[in-house]
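A short reminder: the numbers here are calculations on the coordinates, not readings from a lab. As the structure is a prediction and not an experimental result, all values here were calculated from the model. Methodologically, a virtual Cβ is constructed for each residue, glycine included, from the backbone with ideal geometry; neighbour enumeration extends over all protein chains shown.
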Amino acid sequence: MSTNKKSVALVTGAAGAIGRAIARNIAAQPGFELILLCRNENKAEQAVAEIQQATGNIDVGYELADLSSQASIAAFAERWQGSLHVLVNNAAVTPRSREETAEGIERQFATNVLGYFWLTRALTGRLKESAPARVINVASYWAGDLDLNDLEFKHRAYHNGEAYRQSKQADRMLTVAFAERLKPYDISVNACHPGDVNSRLSNDLGFGGHESPDEGAATPVWLATHPVGAERTGKYFEHGQERTCPFGRNRAVVEALYERCLWY
Ligand SMILES: NC(=O)c1ccc[n+]([C@@H]2O[C@H](COP(=O)([O-])OP(=O)(O)OC[C@H]3O[C@@H](n4cnc5c(N)ncnc54)[C@H](OP(=O)(O)O)[C@@H]3O)[C@@H](O)[C@H]2O)c1
C-alpha cells in the first residue's frame, strides 16, 4: 500500500456480484484506497487482482471476516487499524432452509442485519476519527413483513424470501437509527436498492436479474463517492433517486429494532 492520503473505502461481500462491482467502480475513481472485506481468501485474492488490473489502482487489498459472527467482526475491528471514510455494508445470504450460525443465530438475520449492525458499531470509532465519512447500507426494494417478536423465524415457518424481505426492511430501518446517532460526528448513513443482478443470492431467491453488476453497483457507488452521499443522511435511494421509505417513519419501532440488535 502507498502512504498517500487517499480516502479509504471498505466494501463487504466484495467477492460477490454486486460487491465486486461496487469495489471496482469506487477503485476506478481518483483518490480511493479499497479494502475488500471477504470470508474466502481465494475469492478475495482473485477480486483484488481483477480490480487492480481493471482500474490500474494498486491501493486495493483485502481483509477476512465472517460477517455472520460477532466474534469475527470484533476480531477484525481489533486487528485492522487505519482510516475509514466509506463503509459499504453489502454482504448477504439467503439460504433456502433455516440455518443457524456457530453463534446460534438464524443465518439471514445474523448476516444481513446483525452483520451490518455489528460492523458499523465496531468501526464507528474509525469513522469518527476519519470524518467526514459515510456508511452505505445495500438493502433492497424487496422488503417488508418484519416481525419484531420473531426476528429469527423461531415461531414461524421459515421461507427464505420472507426472511430476506424482513432482513432488508431491517437494514432500511437501522439506517435511520444509525443516521441519527452518527449525524453529530459528520457521518452520513444511507440505504439503497442496488439493481436486479444475477447472483448466488438472487438465484437462491428464485430470481435471475436483468441488470449488469455495474448497473447494480451504480447507486451504492454514487452514494459512496458523490457529494449527495454526504449531504443526505437517513435516506433510501433506488436507481440514483431518493425514495420515500415507509420503514423509518415509526421511530419507536426503529428504536425497538435497534435495542433488539443490542441484545445479541
Ligand atoms: N442481486 C440482486 O438482484 C439484488 C437485489 C437487491 C438487493 N441486493 C443486495 O445486494 C447485496 C449483494 O448481493 P449479490 O446479489 O451481489 O449477492 P452475492 O453475489 O451472492 O454476494 C454476496 C456476498 O456476500 C458474501 N457473504 C455472505 N455471507 C458472508 C459472511 N458470513 N461473511 C462474509 N461475507 C459473506 C458472499 O461471500 P462468498 O463470495 O464467500 O460467498 C458474497 O461475496 C446484498 O445485500 C443483497 O441483499 C441484491
Next item on the list: Over 20 Å, how big is the tail of the calculated P(r) for the stretch 171-264, in percent of all Cα pairs?
Entry: 46
Check: For the stretch 7-262, how big is the tail of P(r) above 24 Å, as a whole percent of Cα pairs?
Finding: 41
Notebook entry, point to check: Which links in 6/168; 168/235; 43/183 stretch past 25 Å when you go from one Cα to the other?
Noted result: 6/168; 43/183
Next item on the list: Report, in degrees rounded to the nearest 10, the 0 to 90 angle that the Cα long axis of helix 213-225 makes with the longest principal axis of the chain.
Entry: 80
Check: What length, rounded to one decimal in nm, is gained on full extension from residue 244 through to residue 99, with 0.36 nm per residue of separation minus their alpha-carbon distance?
Finding: 48.9 nm
Checklist line | Given 11 as the ceiling on other Cβ atoms within 10 Å, longest exposed-site-free region of the chain for trypsin sites (Lys or Arg not before Pro) in DSSP loops | finding: 6-153
Notebook entry, point to check: If you line up the long axis of helix 17-27 against the longest principal axis of the chain, both from Cα atoms, how many degrees apart are they, to the nearest 10?
Noted result: 30
Item checked: Whole-Hz couplings from phi, Karplus 6.51/-1.76/1.60, listed for the stretch 97-112; x for Gly and Pro -> 10, 5, 10, 10, 6, 4, 8, x, 10, 3, 5, 5, 5, 4, 7, 6
Check: At a Förster radius of 25 Å, what calculated FRET efficiency corresponds to the Cβ-Cβ distance of residue 155 and residue 252, to the nearest 0.05?
Finding: 0.65
Checklist line | Listed peptides 219-228, 52-61 by packing density, highest first (mean Cβ within 10 Å) | finding: 219-228, 52-61
Next item on the list: Could you line up 245, 192 from fewest to most neighbouring Cβ atoms inside 10 Å?
Entry: 245, 192
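With a 10 Å Cβ neighbour count serving as the proxy for reagent exposure, in which order, fewest first, do 118, 263 appear?
Lowest to highest Cβ neighbour count: 263, 118.
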Notebook entry, point to check: Tell me, in nm to one decimal, what length is gained between residue 64 and residue 78 on full extension, where the rule is 0.36 nm per residue of separation less the Cα-Cα distance?
Noted result: 3.8 nm
Check: Contour minus end-to-end for residue 128 and residue 260, with contour as 0.36 nm per residue of separation and end-to-end as the Cα-Cα distance?
Finding: 45.1 nm
Item checked: Inter-site label distance for residue 141 and residue 231 at 7 Å from Cα along Cβ, in nm -> 2.4
Next item on the list: Take the alpha carbon atoms of the stretch 140-193, find their center, do the same for the stretch 62-99, and report the distance between the two centers in whole angstrom.
Entry: 17
Next item on the list: Provide the percentage of antiparallel DSSP beta bridges, counting only those with both residues in the chain; round to the nearest 5.
Entry: 10
